[in-house]
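Colleague: Got a structure for you, questions after.
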Amino acid sequence: MTGHPEPLAVDRLYRHCDPDSLDFETSDELEPLDQLIGQERALEALRFGTGIQGQGYNLFVLGPSGAGKHEIVQRFLHERSRQAPTPSDWCYLHDFKQGSHPRLIELPAGKGARFRRDLEQLVDELQHAIPATFESDEYQSRLHEIQQELGQRQSEAFREIGKEAEQDHIALIQSPNGFSFAPRNDEGEVMDVEAFQALPEERRQAIQRTIATLQEKLQRTIQQMPRWRKEVQQRIRELNEEMATASVGPLIEELRETYRDHPRVVEHVNAIQQDVTESINALISQEARSNGSMASVFSRYQANLLVDNAEQEGAPVVYEDMPTYQHLVGRVEHQVHQGALLTDFRLIRAGALHRANGGYLILDVAKVLTQPFVWESLKRALYGARVKIESLERLYSLASTVSLEPEPMPLDLKVVLIGNRMLYYLLCAHDPDFLELFKVQADLEEDVQRDTSTQRLYARLFATLAREANLKALGRDAVARLIEHASRLADDSERLSIHRRAFSDLLREADYWAAQAGSDRVTAEHVQEAIDQQVYRASRVHESMERSILRDIMLIDTAGEALGQVNGLSVIQLGGHAFGRPTRITATARPGRGGLVDIEREAKLGGNIHSKGVMILSRLLASRYAGESALSLSASLAFEQSYGMVDGDSASVAEFCALLSVLARTPLRQSLAVTGSVNQHGQVQAVGGVNEKIEGFFDICQARGLDGSHGVLLPGANVVHLMLRRDVVEAVRAERFHVYPIDSVDEAIGLLTGVAAGERDADGCFPVDTLNRRVADRLREFTDIGRQQSDGDNRRDGKSP
Amino acid sequence: MTTRDDARLIQRVVVLLDGGRRAQLLLDEVAQLAKREDAELVGLFVEDTELLRAASLPCGGEIGLISGSLRPVAPEALERRLRQQADRLQSLLAATAGRHALRWRLEINRDHLEAAALAATMADDLLVLYRAGWRHPPEGGFTSRTLSRMLGAAHCRVMMLGESASMGAHPIVAFQAPGEAGQRAMNEALRLARIANQELLVLLPHSVEQDERARAAIEAWGARQGRSPRCIPFEGEDIATLVALLRKERAGALVLPREHALLRGVAGERLLEKSDIALIVVP
């Protein structure tokens, strides 16, 4: 015969941390903690992931929010990066062959800035040297000579023709439009028409022939002039190029010498020299000087230092907190000039991938996935091992305007994604590229074993956090309370949570309450005040629900007995605050073939796990009590006054007890509440949130008045998870409240009914007056009733029984 | 060495206009000059009788300055063209004078070009001429031969604008020459330097340069007019050397007496062709 389980002793409800076990007075005496507690697996993964070479060996650091993933990763990578070589500088330069395809040049760290300065200096010198050269006496004289040579050549040609004409008494007359020939009279004036007509025919014809000859000569001369002018222009061009080479050559030569070990730089410098020579005519024109086009030409000779690692020691560790497409892969900016958007290679801006090249890039995976086009771009960059700056509108053909196509930068970096487990597993399941590119997972532990050594480390952790935040020193009682709270956060008296953010927040708030109290150190009371205040601030909904119960709006009995009615326990999680509350679970049963109806499921308010629990208890009922005969039962289970989704199987023990109560016609004690799931053999299994559930029921009972009959039944396997509130513990100590560990449904029903459950004897029968016997008898009655009904139906249908 | 106050010496600035584009470009420069001289701006447009007669002849025809093609020009067409050019010049002159708040006039004479130019000017006028440029022959201007003849015959000051057109903010250069004509040229240079507020450079022939007294005299003469002339030795009469020197000193104008050897015959034409600064000839 199963006996009633004994209530748990007080020391099983809460695992204290004795302040006297801590060998310091305040946290000031403690050494700072520079190690991670309990994260060996994750650290090993980080070491492996950052050490191994090969495509796709990028990292995904997964762990719960607030676990300090960023601090862990940043600290590790900064340490690691110090041993790595400093990566190169990268510059974008104008491409003189294809202006819209800026060239990318790699230089050793620190040389990029020097190269940029050298080019700026070159431009500065060119701006002075070119005008000085072309204003020099030498240039002006030579230019003038060439120009005058043409003028003289033209004048000579006209003069020769004019002289020849004069010899034949023919005048050469010039007008703005051209030249005319006309015969002169003896006075040297141009003949008028009458005088000409008066000349003998022979003479007139001779004059006309002479004029025709002169006209032909002049025509030939004039037609030669464009060629002469072209020759002069060519000579001027050659002169300009010669002067430009003389002016620019020494400056360029100096650069060539400085960067002789960098062929691409030398190539670019040569291109600058060639461009200066080719552009010199435009550069020295009056328009170029006045409208600033000279500055525009010179700007092409500058360098856009995209990545400057001059100050970098070791490999860069870049965290991009806003990984938009542009922030990740860079962008090409534009300037508005007279209403038009203009750009050039100087407006190319680096993205996080450029800055992190040669080192590590840390990204929050949630942000990467929520920013448009970022995930695809990141994968593309990692697959191609290069980053290409492209505007989205161009990438997706939304704009067809001519823009820059900068040369892509080759990539050699490790990307470290940080996110929660759900995102990791979703990506594994739904993105085939994911595991190709992020082969290393660094999975952070959520809690660690609680023992003397870890408690000591936690003390140092709290001391370090307080010191980093410039908070008051922690008394050892405060540290002890914090360690206990770390167990409560882990929902396990034998484990400690690693939730750094929760500790940091709690420490700061405890510091606040210590300051309010005028204390120069943080004590356990201040920590408790901080915890209580956190709970209070988050408890509006919790208290509202409690009020509903106490005002009998939500029907929960905490005294007396009731048939087919039990107090189940559930946990509600609202933001960062979780609380438990009792829920009335009821059962009905009658003969029939309907089986067990889960009303929550029928109403589509029950989740799959809850349905599974109900199915299990249905099978348990049948196998336990119906033996090999068919179960003739039409029963139902419901969560009363529950209007939202119900899921989980932690109410299955309670549901089973309610069902047995109604079948055995034996009432259940309402001063008790039950949590735990049941398997097909009637064993009670562990569930989650036991602390909140117990405290939830305790609050209601305490409000109505504890009389020693109240208590909670929980799976025995959950006892190690107990870290109950102090008032609950004190009530148990005063024997006004009890916590019963149960391992089977028989123990639960025994406690709830006060009637022994009973075990089958050698004949397979339950003893008389046991609860199980009552259930078995009742189900047999149901079977008989069912059989009789079936016989009656068959007779009406004319069938033999 | 004599001096006199001739700040208001020029009564009229007469510019010979040929209707080409270059006239339009130069007119503003000439208007500024007239403004500085507080003189009336007179545009002179000559309907060349030789051109009109040539057009009426059966063997007449015009060879295009750019195309080199021969095309007949009827007298009526030429008359029409001249009228259009005169109208254009009238508008242009009015607009330019308006901008500079000048008194102005356009004189249209039908005569032989040189004769008309000389007849239209008086002793206290400044006749402004301009040479055809080598870069832009279609823009108009007069040949160095025509200009040389006019420089020799004019009885007033003549300014010949070269390729660069503008005197701008550059020194005025004068030749130290003997005699009254030389002194008149020096005075004119000094006057121009004063009204344009520019430096005065005096080119000293080698023999004189050795004479420190000559240099001192020039400096004293300039000082009396509130200027500090700078003397530069200049050897010989080689035009290329002179042009190089003017270029080196960034000169804006060269003032010469009409009888100066550099202006005689073909040498004068060469000087006009080679120099691209303003050349001022004083009778």
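The values are calculated or read from the model by the stated rules, or taken from the named source; none is laboratory data. Bear in mind that the values here come from a model prediction, so they are computed numbers and not experimental data. Here Cβ is always computed from backbone atoms with ideal geometry, including for glycine, and neighbour counts include all displayed protein chains.
Colleague: Return the residues of segment A:715-740 that are of a type in the set (A, V, I, L, M, F, W, C), surrounded by 19 or more Cβ atoms within 10 Å (Cβ to Cβ) and in a helix (DSSP H, G or I); say none if nothing qualifies.
Modeller: Correct list: A:Val728, A:Val729, A:Ala731, A:Val732.
Colleague: Can you tell me which of A:Ala195, A:Ala212, A:Ala182 is surrounded by 20 or more Cβ atoms within 10 Å (Cβ to Cβ) and either within 24 Å of B:Leu51 (Cβ to Cβ) or facing chain B (nearest Cβ under 8 Å) (or both)?
Modeller: Being surrounded by 20 or more Cβ atoms within 10 Å (Cβ to Cβ) and either within 24 Å of B:Leu51 (Cβ to Cβ) or facing chain B (nearest Cβ under 8 Å) (or both) holds for just one of A:Ala195, A:Ala212, A:Ala182, which is A:Ala182.
Colleague: Taking the residues in segment B:16-70 that are at the interface with another protein chain (Cβ under 7 Å from one of its Cβ atoms), touching a helix residue (DSSP H, G or I) at 6+ places or on another chain (Cβ under 6 Å) and assigned to a loop (DSSP other than H, G, I, E, B) as candidates, determine which candidate is modelled with the highest pLDDT.
Modeller: That would be B:Leu57.
Colleague: Determine which member of the set B:Ala216, B:Ala240, B:Ala244 is surrounded by fewer than 17 Cβ atoms within 10 Å (Cβ to Cβ), in a helix (DSSP H, G or I) and within 14 Å of chain A (Cβ to nearest Cβ).
Modeller: B:Ala240
Colleague: Just to check your reading of the model, which residue among A:Val566, A:Val527 is outside the structural domain of A:Gly750 (by TED's automatic domain parsing) and either part of a strand (DSSP E or B) or within 42 Å of the chain's Cα centre (by Cα) (or both)?
Modeller: Just a single option satisfies the conditions, and that option is A:Val527.
Colleague: Turning to a different aspect of this structure: Considering only segment A:364-386, state which residues are under 10 Å from the mean Cα position of the chain (by Cα) and either outside any helix (DSSP H, G or I) or among the basic types (Lys, Arg) (or both).
Modeller: Residues satisfying the conditions are A:Asp364, A:Lys367, A:Gln371.
Colleague: Looking only at residues in segment B:67-98 that are among the charged types (D, E, K, R) and surrounded by 13 or more Cβ atoms within 10 Å (Cβ to Cβ), which one is nearest to B:Val42 (Cα to Cα)?
Modeller: Ranking the qualifying residues of segment B:67-98, first place goes to B:Arg88.
Colleague: Only one of these conditions is not met by A:Tyr536: (1) more than 18 Å from A:Gly705 (Cα to Cα); (2) part of a strand (DSSP E or B). Which number is it?
Modeller: Every condition holds for A:Tyr536 apart from (2).
Colleague: Which members of segment A:222-241 meet the condition of being among the acidic types (Asp, Glu) and either within 11 Å of another protein chain (Cβ to nearest Cβ) or over 16 Å from A:His144 (Cβ atoms) (or both)?
Modeller: A:Glu231, A:Glu241
Yes/no matrix, rows are residues, columns are (1) crowded, with 21+ Cβ neighbours inside 10 Å; (2) at pLDDT 95 or above:
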{"residue": "A:Leu506", "(1), (2)": "yes, yes"}
{"residue": "A:Glu509", "(1), (2)": "no, yes"}
{"residue": "A:Val522", "(1), (2)": "yes, yes"}
{"residue": "A:Glu525", "(1), (2)": "no, yes"}
{"residue": "A:Glu529", "(1), (2)": "no, yes"}
{"residue": "A:His542", "(1), (2)": "yes, no"}
{"residue": "A:Gln573", "(1), (2)": "no, no"}
{"residue": "A:Gly595", "(1), (2)": "no, no"}
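Colleague: Output the residue which, of all residues in segment A:54-78 that are modelled with pLDDT of 90 or more and in a loop (DSSP other than H, G, I, E, B), is nearest to A:Arg421 (Cα to Cα).
Modeller: Looking at residues that are modelled with pLDDT of 90 or more and in a loop (DSSP other than H, G, I, E, B), I get A:Asn58.
Colleague: Here's a check for you: in segment A:495-511, which residue that is of a type in the set (D, E, K, R) and part of a helix (DSSP H, G or I) is nearest to A:Glu446 (Cα to Cα)?
Modeller: Within segment A:495-511, the match that is nearest to A:Glu446 (Cα to Cα) is A:Arg500.
Colleague: Tally time: how many residues in segment A:79-114 are closer than 23 Å to A:Leu413 by Cβ and in a helix (DSSP H, G or I)?
Modeller: 7
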